[in-house]
Every structure is written in C-alpha cells, then in structure tokens.
1. How many residues are open to solvent by 10 Å² or more (accessible area, probe 1.4 Å), more than 24 Å from A:Ala347 (Cβ to Cβ) and among the hydroxyl-bearing types (Ser, Thr, Tyr) when one looks only at segment A:420-452?
2. Would you mind finding the one in B:Ser116, B:Ser143, B:Ser78 that is farther than 20 Å from B:Ile458 by Cβ and open to solvent by less than 40 Å² (accessible area, probe 1.4 Å)?
3. Restricting to segment B:372-386, count the residues that are within 10 Å of chain A (Cβ to nearest Cβ), open to solvent by 10 Å² or more (accessible area, probe 1.4 Å) and β-branched (Val, Ile, Thr).
4. Just to be sure, is A:Tyr135 modelled with pLDDT under 80, open to solvent by 50 Å² or more (accessible area, probe 1.4 Å), of a type in the set (Ser, Thr, Tyr) and over 20 Å from A:His232 (Cα atoms)?
5. Identify all residues within segment B:338-349 that are at the interface with chain A (Cβ under 9 Å from one of its Cβ atoms) and either outside any helix (DSSP H, G or I) or touching a strand residue (DSSP E or B) at 6+ places or on another chain (Cβ under 9 Å) (or both); write none if there are none.
6. (1) touching a Ser or Thr at 6+ places or on another chain (Cβ under 8 Å); (2) open to solvent by 10 Å² or more (accessible area, probe 1.4 Å): which one isn't true of A:Ile170, the others all being true?
7. Return a yes/no flag: does segment A:32-39 have any residue that is under 26 Å from A:Tyr175 (Cβ atoms), surrounded by 14 or more Cβ atoms within 10 Å (Cβ to Cβ), within 14 Å of another protein chain (Cβ to nearest Cβ) and not charged (D, E, K, R).
8. Open to solvent by 10 Å² or more (accessible area, probe 1.4 Å) and farther than 29 Å from A:Asn536 by Cβ: does that describe A:Thr483?
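The values are calculated or read from the model by the stated rules, or taken from the named source; none is laboratory data. The model shown is predicted, which means the values in this text are computed figures rather than measured ones. Cβ placement follows ideal geometry from the backbone for every residue including glycine, while neighbour counts extend to all protein chains displayed. Heads up: the accessible areas ignore ligands, DNA and RNA and are worked out on the full protein's heavy atoms, side chains in. Shrake-Rupley method; radii C 1.70, N 1.55, O 1.52, S 1.80 Å.
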Amino acid sequence: MDRNTKRKNIIILLFLIVGFIYLIKLFSLQVLNKTYKHSATRNVLREVIDFPSRGLIYDRNGELLVYNQASYDLLITPGETSPFDTTLLCSILEINKHDFIGEVKKAHKYSRFKPSIVVKQLSSEKYALLQEKMYKFPGFYFHTRTLRCYNHNNAAHVLGYVGEVNNSVIQKDNYYKQGDYIGITGLERAYEKELRGEKGVSFFLVDVHNRIKGSYENGRLDTNSVKGKNIHISIDTELQAYGEKLMQNMAGSIVAIEPSTGEILCMVSSPSYNPEQLVGRNRISYFPKLVADTLLPLFNRAVQAQYPPGSTFKMVHALIGLHENIITPYTTFHCAMGYHVGNFSQACHHNRDFRLSGSIAQSCNAYYTNVFRKILDEPKFGGTKNGYEIWRNHVVSFGFSRKVTHELHEELNGFIPTSDYFQNNLFRYSRWRSLPLVSIAIGQGEILTTPIQMANYTAILANRGYYYTPHFIMEIEGDEVDTLYKEKHFTSIDTVHYEKIIEGMEWVMDSEKEGTAADSRIPGIAMCGKTGTAENPHGPEHSTFIAFAPKEKPVIAISVYVENGKWGNLYAAPIASLIVEKYITGDIQKSRKNLEKRMMETNLLYPDKPNYIRYKE
Amino acid sequence: MRQQQNIWYNVDWLTVFIILLMMLLGWLNIYSSVFNEEHSSIFDLSQRYGKQLLWIGLSFIIGVIIINIDSKFFVAFSYLIYGFFIALLVIVLFFGKEINGARSWFVIGSFAFQPSEFAKFATALALAKLISSYNFNFSNWNSQLKLLAVVSIPVLLIILQNDVGSALVFMVFLIPLFREGLSGLILFFVLFFVLVFVFSLVIEPLVLLLLLLAFAFVIYLAIKKSWRSIGFGLLVLIGTSLLVWLYTLVFKKVFPGFYYILFRASILSGMAMILLSFYKRKPQLRLISSIFIISVLFSFSVDFAFENILGSHQQDRINNLLGLEYDPLGAGYNVNQSKIAIGSGGFGGKGFLKGTQTKYDFVPEQSTDFIFCTVGEEWGFVGTTVILCLFFFLVVRLILLAEKQRSVFSRFYGYSVASVLFFHVAVNIGMTIGLAPVIGIPLPFFSYGGSSLWFFSILIFVFLRLDANRLDQLH
C-alpha cells in the first residue's frame, strides 16, 4: 500500500468510526432506553379531571342535612396576562394585596404556560362580582369545585368535615391527588368511598405552550365521573338540636340509641362548633381558634372522652353476681354508712340492709363492694386473680374496653384493666387480694368508659341482654348497608337475669323508694335509670346518668355526662329525662318546663360569668 | 449537441439519485414537523414545506446549469469566486442582519441568504487551486503561509460575525490537506487535543492523568519496548507525590490542593523522563515525555480557564454538552427535548405525522437545525439508521470518486466536499443526540432553508461536473 492509499483508508476509517459511534448511541437512545418514552408522554399528555359532586346526607326523617355548593378557585396563566389593576382585583375579592402579589409571583416561577391557583374557594357571591369584571383580567380564569353546605348547624362532630388530602393519604391511595378533598373526620370520613363518587378523567394532547391540541387516542381512555352516593343517617335532627340546646353551657355529651336497632338517635358533644366554620375559606380563620380553645370544641366527647362510669356501672356487678350464683335478688347486705373492713372504709350514706332493687334505687356503695369482693374471692373460681379474669370477661362482653362503633375513626377504647395490668402494678410484690380493687365496685378506680359505650350498655339493659352495634348509617342510595348492623350481640350473662335488675332501675325514678333521680321522673312514662358520679381529679365530679324508656318495649336508651356537674341527679338525670320525653312525646309537659328552662340556663362553663351564654357562631 | 449528451452520460447518477432521495425524505420530515390540518396542501407556498419544494426544484435547476458549465471555468475562476465571497463576508459585517446573535445573513424580502455557507465552497475551490499549483510544497514556508491565509481569512471574518459554529467547519480542510501530504502529526494533534480538552472537563484530574500515562505508555510500547524506563518514570511520579505529601505532613503547610501536588509530580516525572532519554539516547522517549508534559499542562490550564475565564453561560453550554449537568429546563432544554423526541421514537417510530414531540413544538428549531428529531421520532431507529447509512454511503462514495480523479484540483475538491458533508452530518446529528455541541449548523439536504440546500447542491454538482469531465477526457 502506498502512502496515499493508506491515507485514504485512514480518512474513510475515521468517518466510519464516527458513524458507528452514532449508530450505537442511537440504538441506546431509541431501543434500549425507555425513560425517553415516558418523558415524551409526560410532555404531551394532560389529564383534565372531572370532579363528581359529593353525596348528600339526610337524617332519619328525610331532612337534608348536608349538600354542596359551588366554590370557585381563581387561576392564573402568567403567559396570558397583560398588566392589570391589582388593587381592583384585591378589593373585589377582599384579600390582602401583598399576599396576592406573592401568589402571582409563585405562579410565575412555577410556569408561564401552566395555570396555578392564586385564590382558593371563593364564594359564589364574590365569583359573581368578579365575573362581571373578568374582561379586565386576561389570563385569569375560574375553576369550579364544590364545597359542603349545611342546613342546620348541628351534629358537627357526627358529620365531620372535608378537607384537602395530606401526603400520607396520597402515598397510600393513588386515587387521591394533591388538592383533592377527602372526609377527614366523622361520617364524612367513614363513608368517604360512598360519598366521594368516582373522578372522571379526560386525556388531552397539549403543545409546548400547554394549549390543548386534541383528545388522546380519540378519548378511548377517558372516563366519566360518577356522582357520590347519598346517605341517610339515623340522627333525629330535632332531637340533636334540642340536646345541643340543653347542653349549650355545659361540657359533656349525650348519646341516645334506639335499642331495637342500634341506631344512634342523637350524639351531642358540647361545646361544639358550627360545621360551616370548617368549610372553605372559613377554615383558615376558625380552625386555629377551635384548636386553641381550652374547652376542646373539636374533641368529640361522646366517643373520645374517657371517664370513670361511676355508679351507673353497678348493674354490671349485679348481673355478674346473679349469673355466677353469687347473689340472688333477695341477698341482703348491710350498709353501716359505708363498707368497713379493719382500717379500710368505703363511705356510703345509709344505715340499713339492702336487697338488689333497693341497692340500685339508692345506689348503695356498701352493697356493691360486698358483691364485687364476693365475685373476686369466690372459692369456686380458685383465686382472686381468676375471679378478676372471669369478672373482666363478663364486663368486656358488654362492649367495654374496645371501640363499639365502626364509623367514628376517632373513637377511643376506654379501659378495663387486664389481670396482667394489676399483676404488674398493684400485685407485683404481693398476692392478689380483692380489697385494693374495691373502688372498681363503685365504678371508680382504674376503669374508664366512653359515653357511647355507656349508651350501648344501657341499650343492652333495655334489650334484656343483647345489643346491635351502634351506628348512624340507615341507607346508602344504590348500595347495601353493612349486614353487621343487623346482627344481635349477646353478652355473656344469661338473659334471664336482666329482668331482675330492671325493677331497681325503675325505683331510681321513684320518690317512694327514695330513688336517687326521683326529681327527674316523667309523669306518664315508665323510665328506668341509674345515676352516677364520676370522680374527676381535675375539679368537681362529673354528673352522669343512664336511662331507657319505656320500661316495656323501650324505644330509647340514653347516656348523659355533664362535666363538673357533681351528682347524677343534678344535671345528667334531668337532661336525660328531657331528651326521653321530647323523643317519645315530641314535647315537654308543662309541669317540667321549669326543669327545661333551668337546664338551658345553667352555666357550668363560665361559673364566674353566670349570665354569659356561649352560643355557637 | 453530441458533447452535451456525453456530459449527461458521464454524470454519476448514483450520487444524484442519493441526493434527490435525501431531499425528498427531508421534505417529508419538514412537512411533518410543520404540518397542521388547516394547511394540508403540499404546494402551499405560505408554509415551509411548500417553499422547500420550490427550493428543491431550484437546486436541480442550479445543478443542470452547473453541469452545463465547462469544468475549466471552476479551475480558472476559483480565486475570483473566492474573492467574491470574501467580499460578501466583509459586506455582511456592515449590512447583514443579525439572526440568533450572528450577523451573518443577507435578507432580501422574505429570502435570507448566508454567505458563510458559500465561503466554504469558495475556500474549497481556492485551496484546490493553491494545492494543485505547480510550485506548491507542504514543506515550503511560502506555501504554508499562503495555505494559512486562504483558510484563516474567511475563518476570521466569520468569527467576526459571531458565528463560531460555522467557523469551526473550516477545520475539516485538514482532512483533504492530510490526503495531499500534510503531516499526519498535525491532524493527530488536533484530534488529540480536542479529546484532552473534552476529557479535562469531564474526567477527574487523577483519572485523566492515569489515562495520559497509560496512553504515553502504549505509544512508547508501540515504538519500542523499554520496561525499565517506564518503571523509572512511575517511580519518580510516586516518589515525588510521597515527598510532597510528607512535606505537607511535616511542616503542616496547607497546599492549595491535592491536584496541585499531582500536577507538580507529573511535570517533574515527565522532566525526569526527558533527562533519562538524553542519558540513554532515546529520542522517542523524549518526544512522548514532551507530549505528556504538554498534555498535563494543557489539561490543567483548561480546568483553570474553564473555572476562571469562561462566563457562566459558556460554562453551562459546555457542561451541558459534556453531560455534566442535568437541567432540562435551563441551558440543556433543547438537547434534552431533542433526545426525548428521538428516544421516544423507539425501534420502529411512531409513524408519519404521528410524532407528538415535534408536532407540538416541544423541540425547538425542528424544521431547521433539529430536523433529525422528526426522523428519530416518526421513523424510529430504523429511520435514523437508514439516514445515517445514506449519509455515510454518500461521503465514502465521494471519497472513492475523488480518488479516481486525475487532477490534484479535482481530487482535493472532492475530498473537501466529502469532509464538509461529513462535518455537517456529524455535528448536526451529534447535537440532536447529545454527542456534539449545539452550534447550529444545518443537516445537509434535510434542514429547511434555500440557502443551505443550494450551498450543498452547488458543492456537490460542481464536483460531479469535475468528475464527469474525467470520464469525458477518457473517451
């Protein structure tokens, strides 16, 4: 090969090497690497989401409680704007000009061609005002969403509220995207899947300026949105409102259940808030206030407050005693102004013998201390620890120490200590004895229950031995309600024993039997109840009362707690009797109007300002 | 009449066919990249594809005219043609229009024309004429000066227009010059330093140093085996590094950095090798050590210049080219979008008119500089391979034709045409797939625009005319 041929070959080789490198690069770019294909799809595809309207909520009488109204987000596409009158815009919207300019700058930073939200959730009034002037603001436009709207300002805790999803939900459930709404508490959360419906999505091809150029694959992948399902809940709005009115200046709760179905008729947690306060732009101003309020208005006391049950718990001991043949209705115990063993005393205020019914009517501590100790120390159980475990198993079968509803996510368990708990604390260095546990006999000590658990327990007594899981849901339009709510749950107590305690509960309302709540008797209605006083280490005791009525074929079972109300018969019993009367007869008889007035005017929240009434805004 | 027939008979029709094929394929891709339903007529002169069809027609008319001109015309008038385009390059500096930051365009009505394109053609002719002149000799100072002048005058004028990309194209004249006898070392050094420049920015100094060392080692082995001197050089390198390190340890003196230690150590060891080469009388070792030292100096000064002299946007561009920074919406936006478009084409492509990236303007300049994206997206790897093969077939065919020429003028000119084509294809396709800097030169026969289409037609048809003459004289 001469020099020239060599050089020709070198040059050709050089060219071909470059060509070969390019081929390899193209092969890796086009065939091996898949990321560019995803990037291309990301570039051109825009999803346009069609948000369905959320299902409506009706009460048990078909009254509309929750519906939707349109709200408007103001968006800006910075690339399409021309200089505009910021002051005018802000004055129409009544927003801070400085904040607004900040949002506009953020939008600029995000993208010139993609829209960003600058003002969220405008009311239809402001929307209407601005709509007339929109020609002055090119590059701005509206985006319609729906917000919850309420016909009544009641049952805020039950209904719960709706808000934007947080990141942890987005990560778990890919249905939700940033900015979507989701039920955060209450029934809005429990029936989120039914209420929300299904989002629809349309895919469009867009160009580099985000202008829509056509549908993607002729809309083959597009879906229509499905409207949320309406639900009917068991709340009786009138009763709920009445309960909230009675408790307007008290902290506490009312839970009423229809024993024959387990449907919750009303659930009052006081103090409460107006559900409108947590909708749309209102939330920004109200939420921090509600959170900071020392009376905890966001706290649903009916399912989250855990109090000692007090004397209302005594029938549980009686039923266990009867079931285990430790007592009969005719067993007598003596009360000598209390229960005394050696140096130990549990105070009471009688000096006489009691049988079962009388002990309930007059709430004798000595009687139940005897019963409780006899259960624990029963020889056939083989030791106090075993006795305690048998006792606890019976107690838990009443729905204590666990969540009784399936709908309220925020519900707490209450607390009935296990034997291990005492083994590790009280009896760590000594053998099991029943005496150190006797405060449990009168519903105090370590045990804690929630108002909903107490209402469910009352329903068990009313049903003479069983309950339906307390629930709100009555109907989901176009869907089935969980069959779980149709199942009877029996306690571990033989149903024959229940009738034996009903008499005592009836005597509670009877002045002749010196019943503890005789003042709250409703003439004409045979109500069975039990007062209680829940010890409170932070201040005056809580007043509590459970009741069902009528005695035969009960239609309502109720539990009332009034915080710092001292004795059961002082506030809780009158309130319960008013709710029962209102529910059964629809009105309050004349002779009891004074009682009603006294309850409504009582101010336990602000004892230093007796005339101040805390109304919901 | 007889002669005319002969001329047409002698034209290399395969080349003409390839050019025509590429122009039509180019036109299809331009049609696709600017296509919209409202203007679907292919003869719509308000649209780019309509105009391009007109430009294609005109380039073949130009081709017919060129074939009919006597080949002696190009030899005789090459300096005049060169002078004419140099004059245009001067005039455009004063009367030209600035497009994309470069004052390199004459704009008459809707027609824009870039004299720097034609300056390549003129320079090819002038160089061919110079080289083929009787008293030209590569080792002669006078000849070397003339050569330098012919190339550097247009290069300087084009740099003055602020169009460095087009000026870089003139580097390809090294290839025909190499073929005609220019020392291979010059070509080698240019390539070598381009590589060292790129590597200095991409690779860690330590790795680069090892690479250079290995390179020097391989070359030395290729020339003559001498393990002992290599071992000696390595010992000096390690020894000096250790000494400098100990020095910093003992005196607690903080050195400006580890790289400076490396830098000094490698310079010192290189010098030691040179001394050794004198002692052992081994001139090859001396040469290689010198190259090594120069490379090290060059590489470190590139780093220094890059950090301290270049502006941040220039740094961005270079970084982006070298794949050092991932910033899809910043300086690398164009290249990234272009790679997305080509990459999304996959093996078989999305089909004609189905490319979303190019149709919806995600790729900038898609009918001109980035036309290859449309090919990649709509025709896939199959399409890009076919186009690439067509180009390289054409380039190699031109070289083989050039080799057959009997006059130095024709051969040099043929090589120039092949090299210019190669450079345009390599840089243009390279920039769309991220292998070359974005310097905005068109893809021959594909990119939209009359100016570049005619330039390439003239370039090739003149060579075809010269080639036809060769056969004509045979008869």
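1. Qualifying residue count, segment A:420-452: 3.
2. B:Ser143 is the lone residue from the list that is farther than 20 Å from B:Ile458 by Cβ and open to solvent by less than 40 Å² (accessible area, probe 1.4 Å).
3. Count: 2.
4. So A:Tyr135 fits the description; yes.
5. B:Gly345, B:Gly346, B:Phe347, B:Gly349
6. (1)
7. Yes, segment A:32-39 contains a residue that is under 26 Å from A:Tyr175 (Cβ atoms), surrounded by 14 or more Cβ atoms within 10 Å (Cβ to Cβ), within 14 Å of another protein chain (Cβ to nearest Cβ) and not charged (D, E, K, R).
8. Spelling it out, A:Thr483 is indeed open to solvent by 10 Å² or more (accessible area, probe 1.4 Å) and farther than 29 Å from A:Asn536 by Cβ.
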